[in-house]
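Before any comments, here is the structure.
FYI, it's all coordinate maths here, none of it is from the lab. Just so you know, these numbers come straight off a predicted model, no measurement behind them. As a convention, Cβ positions derive from the backbone with ideal geometry for all residues, glycine included, and neighbour counts pool all protein chains shown.
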Amino acid sequence: MTAGGITVIGAGAWGTTLANLLANSGALVRLWAREPDVARSFNEYGENELFLQGIALNRKRLTVTNSLSKALAGAEVVVWVCPVQHSAGLLAGAAPFIRGDALIVSASKGIEIATLRRMDEVFADALPPGQAGRICVLSGPSFAREVCAGVPTAVVVASRDRDACMRIQSLFQTDRFRVYTTPDVIGVELGGALKNVVAVAAGVAAGLKLGHNAVAALMTRGLAEISRLGVAMGAHPATFAGLAGMGDLVLTCTGGLSRNRTVGERLGRGESMEEITGSTRTVAEGVATVEAVHELAGRLGVEMPVSEEVYRIVAEGADPMEALHRLMTREPKPEHPHARS
């Protein structure tokens, strides 16, 4: 990197992790934090006590600021790691400070409820067409704390611009953080967003103590739903068998660090959404995404029974055991309706 350096917008656990990963690789990185407490704890203790407590950050090559203009000034690469539902408003304020030739990387997973836009579409509506056409999307199975600990991790970056994709692959690649590439922006965006809905379902099953069989069934049929909707929206089906699809789904549905799975577990144990959302500062994107998936599936005529039951539980307060009964007593059908003997 030259003097412009890299800016990471969003200092939650994942944004801080990516900023630290890049700094440890030798880049000069500026991290923008909405919360003054994050900048204060970094400057005083060298860590993000609010979202990533106990992880020592690179104070030589990483700086933290609460100023968007200072964070973005001259940045050659902007990595966006903010909650999807707040991104459009924040981007409106950030866009005037983003260089016209800066390369944008979205690491936010979700679908905007109000407009049903993916993050690449949010950026496309806010940036010049040439810049929007080079947007990269980073996704895959990657818990922040494990990446910070140097646990071997594999992710995927997608872009319609091959050169941009290769540049971001090279920028993030380390001996413990392996980056694959794909041109399927839509598939990678949707895989990262939709797996969170299935993770809520898997958490509900765990909260109800239904056993491993039920979780495996929900994951498998959930992946089938993700693929159906993705293909209907223009994604390549193979993407959902890869890191942004199956890989991220497995991690989010089974890992103890999954926020979406945790929300589902609490719902399965009888807590209400109001109780759950009022007790945490971290964002489980799947809670918002269930509404977007419900709307998209209806518009496109895609059958998504698992996602629909999650919507009923999250948005309508349906009883989880009744949702399970509806899923199990649906009309019997072939697993692969279009398969030939």
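Shown for Lys70, Lys195, Lys209: other C-beta atoms within 10 Å of each C-beta, ranked fewest to most, produce the order Lys209, Lys70, Lys195.
Can you sort Asp37, Asp319 so the residue with the fewest Cβ neighbours within 10 Å comes first? Spell out each step's value before the answer.
Values: Asp37 14, Asp319 11.
Going from sparsest to densest Cβ surroundings: Asp319, Asp37.
In the chain, which whole DSSP H runs stretch at least 27 Å along their own axis (Cα) and average 1.0 or higher on the Kyte-Doolittle scale? Those that pass (Cα extent of 27 Å or more, hydropathy at least 1.0) are 185-207.
Treating r as the C-beta distance of Asp319 and Glu275 and R0 as 22 Å, the FRET efficiency rounds to 0.90. Counting only residues at least eight positions apart within a chain, or on another chain, the lysines with an alpha carbon under 24 Å from that of Lys195 are Lys109, Lys209, Lys333.
Note on Ser69 and Ala95: the extension gain reaches 8.4 nm, defined as 0.36 nm multiplied by sequence separation minus the Cα-Cα distance.
Based on the Kirkwood radius over alpha-carbon pairs, what value in µm²/s does the Stokes-Einstein equation return for the translational diffusion coefficient of the range 208-341 at 25 °C and 0.890 mPa s? In µm²/s, the coefficient is 154. Each label was represented as a point 7 Å from its Cα along the Cα-to-Cβ direction; for Asp175 and Thr254 these points are 2.8 nm apart.
Within the chain, the ratio Rg/Rh, alpha carbon atoms throughout and Rh by Kirkwood, equals 0.97.
Taking only C-alpha pairs under 8 Å that are 6+ residues apart, what is the relative contact order of the range 6-183 in percent? Reported as a whole number, the value is 18 percent.
Working note: Cα atoms of the range 61-127, range along each principal axis, descending, whole Å: 35, 22, 17. Assuming charge only on the beta carbon of Lys and Arg (+1) and of Asp and Glu (-1), the dipole of the chain about its Cα centre is about 780 debye to the nearest 20.
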